[in-house]
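Structure, as structure tokens:
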Amino acid sequence: MEGMIRVTGLWKSKDKAGNTFLSGSLSPISKVLVMPNTYKNVQDGDKAPDYFLYIGAPEKKDAGKSKPEHPKDDL
């Protein structure tokens, strides 16, 4: 991987619908989420991306609160 810079690690998870996604963080800047383009169809061909990268505010570490749900892909 000459000339490449490793930015972060990503962890594989599944959402409630069973779709696989990757998540990680760019600490302390933000969190990242990679979701598959579940709306891609044959007519789109190579023009539509296979995945989308989302960047959001970092999660606050509150012991008593549950994790927020990941954003749904609305394309």
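Of everything in the stretch 17-50 that's surrounded by fewer than 12 Cβ atoms within 10 Å (Cβ to Cβ) and touching a residue at least 12 places away in the same chain (Cβ under 8 Å), which residue is farthest from ILE5 (Cα to Cα)?
Restricting attention to the stretch 17-50, the residues satisfying the condition of being surrounded by fewer than 12 Cβ atoms within 10 Å (Cβ to Cβ) are 17-18, 20, 27-29, 38-39, 41-47, 50.
Then keep just the ones that are touching a residue at least 12 places away in the same chain (Cβ under 8 Å); that gives 20, 27-29, 38-39, 50.
Working: THR20: 25, SER27: 16, PRO28: 18, ILE29: 17, THR38: 29, TYR39: 31, ASP50: 22 Å.
Checked the stretch 17-50; the qualifying residue farthest from ILE5 (Cα to Cα) is TYR39.
Check whether at least one residue in the stretch 59-74 is of a type outside the set (A, V, I, L, M) and modelled with pLDDT of 80 or more, and report yes or no.
No - not one qualifying residue is present in the stretch 59-74.
State yes or no: is TYR39 of a type in the set (Ser, Thr, Tyr), modelled with pLDDT under 90 and out of contact with any helix residue (DSSP H, G or I) (no Cβ under 8 Å at 6 or more places or on another chain)?
Criteria met by TYR39.
All but one of (1) under 14 Å from the mean Cα position of the chain (by Cα); (2) among the small types (Gly, Ala, Ser); (3) at pLDDT below 75 hold for SER30; which doesn't?
Just one mismatch for SER30, condition (3).
The values are calculated or read from the model by the stated rules, or taken from the named source; none is laboratory data. Being a predicted model, the structure only gives us computed values, none of them experimental. Note that each Cβ is placed from the backbone with ideal geometry, even for glycine, and that neighbours are counted across all protein chains shown.
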